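I have placed the structure first, in the form of structure tokens, so that the comments after it can refer back to it.
Every read-out reported here was derived from the displayed coordinates using simple, explicitly stated rules and does not represent laboratory data. What you see is a predicted model, and the numbers here were worked out from it, not measured in a lab. FYI the Cβ positions are ideal-geometry reconstructions off the backbone, even for glycines, and counts take in every protein chain you see.
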Amino acid sequence: MEKKIAHFTIDNKECTATTGVSIINAARENGIFIPTLCHYEGVKPAGSCRVCTVKVNKRHLTACTTPVAEGMEIEVDTAELNDLRSSVIELLFTEGNHYCPACEKSGNCELQALAYRFGIMAPRFPYQFNERDVDASHPKIYHDHNRCILCKRCIRIIKDEKDLPAGSQGRSIFAFNQRAKKVKIKLDDRLGKELSDELAQKAMDICPVGSILVKETGFKTPIGQRKFDKEAISLDNSINLKAMKEAHHE
Amino acid sequence: MSKPVIATTSLAGCFGCHMSFLDIDERILDLIELVEFNKSPIDDIKSFTKDCDIGLIEGGCCNTENIHILKEFRKKCKILVSFGECAIMGGLPAMRNDIPVKECLAEAYLSGPSTVNEEGILPNDEELPIILDKVYPCHEIVKMDYHLPGCPPRADLIWEVLHALILDVDIDLPYELIKYD
Ligand code: SF4
Ligand code: SF4
């Protein structure tokens, strides 16, 4: 079947993309950056962080879960939407415990990078100081639940693919444990034991924040020389760019 | 016309923000041409002797004295600025915020591995300020007019902002100056 091309506008700019691709990717193909924390190229979108919220024909929708269609009028970079995105980011900062000065991910963290991009000097919401713990029981990685934004990237991306029939999806090594306010990421007891060094590193890299960290490698790159220290997060340097390149080579 | 007056203080902070302030290096000579300092560790004036234009607050509020000083600064200063992560969000001292105060005190004064305290006394002299249930960001206690993030805020950020406030001009801060670490 021939692919249908959709014509639509983003912030009044005429754009085209294949009908059915997500708005976030359609925008990317047209050189437009829509910020996101949970979306990751090549895996099923979760729509969990809401940072990519755009307006389509005047209605709020998440750009990662909405397919682009003919005639859409999409708003991305408007004062109203950027304020909404800032408020989501500020909520994440006040809901978790983000002590950036003591965080190994500082400078490479996408949550922080978006806060920089939006020029957030202090959040508008009160800090919750919720009780969260650090789980350092695994030999290769540790989990700092203070920083987890429950984006489910680790669950969706880090899969065990050993001994599986071709074409099947692989089993998630990470999972949500408990519910509601108590929910937290946990490693599968059995699959977690076999976590390879590569997957451990990948888990750290795809986690948008400093919640999954590989042990004994801290502060290899000094503060000041990290990804977002001098350059704002954009189409050219987000984690998704790398993912996109990998996904399209497949 | 008299010079604008600046006051500074360190509440629950480590003095790192003040150190970063000193890192403006020789620009401090320009600064003292432009302003006069009042209550501040920089000139060691202990109490306010007049109303001030700008107050810089390092550190959050971890005890009753911090709150008292912060409120005094709010009364005396026209513009109040949180400088540094601790003033903005409590910072490292706030890492105790999810631990009950009783447990913190017990760990520090009763059961810590290097503690010798046979009578089991917790500090209770009435001269001592009372420790709060948690460490509070300054803007949750009084209205703060500006926030300068960083641990510490970069010297250039402090300089740019002070300079703009003193001269009452708009500024466009470069990306590299606003960092949370
Ligand atoms: S995860 Fe990101 S925002 Fe949170 S403390 Fe670390 S660097 Fe800061
Ligand atoms: S651990 Fe990281 S990748 Fe996993 S849900 Fe939390 S923030 Fe997302």
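Placing unit charges on the Cβ atoms of the charged side chains and taking the dipole of the protein assembly as shown about its Cα centre, the candidate lying farthest along the positive direction among B:20, A:99, A:24 is A:24. Rounded to the nearest 10 degrees, the inclination of helix A:239-249 to the longest alpha-carbon principal axis of chain A is 70 degrees. Cross-link reach is defined here as a Cα-Cα straight distance under 18 Å, omitting same-chain residues fewer than 8 places apart; for residue A:162 the aspartates and glutamates meeting it are A:188, A:189, A:194, A:197, A:198. So if we plug the beta-carbon distance of residue A:77 and residue B:46 into 1/(1 + (r/R0)^6) with R0 = 41 Å, what FRET efficiency do we get, rounded to 0.05? After rounding to 0.05, the efficiency reads 0.20. Per-residue ellipticity at 222 nm, computed for chain A from helices alone with -39500 (n - 2.57) per DSSP H run of at least four residues, works out to -7000 deg cm²/dmol.
The alpha carbon gyration tensor of the protein assembly as shown gives principal lengths a ≥ b ≥ c with a/c of 1.5 or higher and a/b no greater than b/c, which makes the shape oblate. Here is the list for the range A:149-214: GluC sites (Glu not before Pro) lying in DSSP coil, each with at most 11 other C-beta atoms within 10 angstrom of its C-beta, are A:161, A:194.
Under the simplified labelling scheme, the residue B:110-residue B:15 pair shows an inter-label distance of 3.2 nm, with each label point 7 Å from Cα along Cα→Cβ. For the range A:71-90, there are no residues whose amide N sits under 16 Å from a probe point set 7 Å from the Cα of residue A:237 along the beta carbon direction.
Averaged over residues, the count of other Cβ atoms within 10 Å places the peptides B:11-19, B:101-109, B:53-61, A:6-14 in the sequence B:53-61, B:11-19, A:6-14, B:101-109, highest first. Mean per-residue shielding of peptide A:118-129 is 5, counting Cβ atoms of other chains within 10 Å of each Cβ. For the range B:90-104, the Karplus equation 6.51 cos²θ - 1.76 cosθ + 1.60, evaluated at θ = phi - 60°, returns couplings of x, x, 4, x, 6, 4, 7, 5, 9, 10, x, 3, 4, 5, 4 Hz by residue, with Gly and Pro reported as x.
Averaged over the residues of peptide B:92-100, the number of Cβ atoms from other protein chains lying within 10 Å of each residue's Cβ is 3.
Calculate how many DSSP beta bridges within the protein assembly as shown are antiparallel, expressed in % of all such bridges and rounded to the nearest 5. Working shown, then result.
Numbers: 28 of 45 bridges.
Looking only at bridges with both residues in the protein assembly as shown, the antiparallel portion is about 60 percent.
Here the Karplus curve 6.51 cos²θ - 1.76 cosθ + 1.60, taken at θ = phi - 60°, turns the phi angles of the range A:182-191 into couplings of 8, 4, 8, 6, 9, 7, 4, 3, 7, 5 Hz, with x standing for Gly and Pro. The label-point distance for residue B:163 and residue A:18, in a model that sets each label 7 Å from Cα toward Cβ, rounds to 5.2 nm.
In sequence order, the range A:76-86 has phi-based couplings of 10, 9, 10, 4, 4, 5, 5, 5, 5, 5, 4 Hz under the Karplus curve 6.51 cos²θ - 1.76 cosθ + 1.60, θ = phi - 60°, and Gly or Pro positions carry x. Taking the Cα centre of chain B as origin and assigning +1 to Lys and Arg Cβ atoms and -1 to Asp and Glu Cβ atoms, the resulting dipole is close to 520 debye. The charge dipole of the protein assembly as shown, taken about its Cα centre with unit charges on the Cβ of Lys, Arg, Asp and Glu (plus for the first two, minus for the last two), comes to roughly 1760 debye. Taking springs between alpha-carbon atoms closer than 10 angstrom, which of A:173, A:239, A:223 fluctuates most in the Gaussian network model of chain A? So, out of A:173, A:239, A:223, the one fluctuating most is A:223. Considering helices alone, the calculated mean residue ellipticity of chain B at 222 nm is -8000 deg cm²/dmol, with DSSP H runs of length four and up weighted by -39500 (n - 2.57) and normalised per residue.
Helix B:155-167 against the longest principal axis of chain B: what's the angle in degrees, Cα atoms only, rounded to the nearest 10? That helix lies at roughly 60 degrees to the long axis. Which percent, nearest 5, of DSSP beta bridges in chain B are antiparallel? The antiparallel proportion sits near 20 percent.
Restrict the search to the range B:63-95; then list the trypsin sites (Lys or Arg not before Pro) that DSSP places in a loop and that have at most 13 other Cβ atoms within 10 Å of their Cβ.
Values: sites: B:71, B:74, B:75, B:76, B:78; in loops: none.
Here no trypsin sites (Lys or Arg not before Pro) fit, given the DSSP loop and packing criteria.
Ranking B:101, B:64, B:49 by how far each Cα lies toward the positive end of the dipole of the range B:36-131 (charges on Cβ) leaves B:49 at the top. For the range A:6-34, backbone nitrogen atoms closer than 16 Å to the point 7 Å from residue A:227 Cα along Cα-to-C-beta are found at A:34. Take the Cα of residue B:175, go 7 Å toward its beta carbon, and the backbone nitrogen atoms of the range A:118-136 under 11 Å from that spot belong to A:118. To make sure I understand the rule: partners must be aspartates and glutamates, Cα under 15 Å from the Cα of residue A:227, and not fewer than 8 residues away in the same chain. Which ones qualify? In chain and number order, the partners are A:104, A:110, A:205, A:236, B:176, B:181. Per-residue shielding of B:75-88, expressed as the average number of other chain Cβ atoms within 10 Å of the residue Cβ, stands at 1. For the range A:5-77, a/c is not less than 1.5, where a ≥ b ≥ c are the root eigenvalues of the C-alpha gyration tensor, and a/b tops b/c. That puts it in the prolate class. Footprinting exposure proxy ranking of B:27, A:28, B:96, fewest other C-beta atoms within 10 angstrom first, gives B:27, B:96, A:28. Separation of the range A:46-97 and the range B:94-155, taken as the distance between their Cα centroids, equals 39 angstrom.
Mean-square fluctuations from a GNM of chain A, with a 10 angstrom spring cutoff on Cα atoms, peak among A:180, A:113, A:17 at A:180. If you sort the three axes of the alpha carbon gyration tensor as a ≥ b ≥ c, you get a/c of 1.5 or more for chain A and a/b no higher than b/c, which makes it oblate.
Select from the range A:179-250 those trypsin sites (Lys or Arg not before Pro) which occupy a DSSP coil region and have at most 14 other Cβ atoms within 10 Å, ordered by residue number.
Listed in order of number, the matching sites are A:179, A:215, A:220, A:230.
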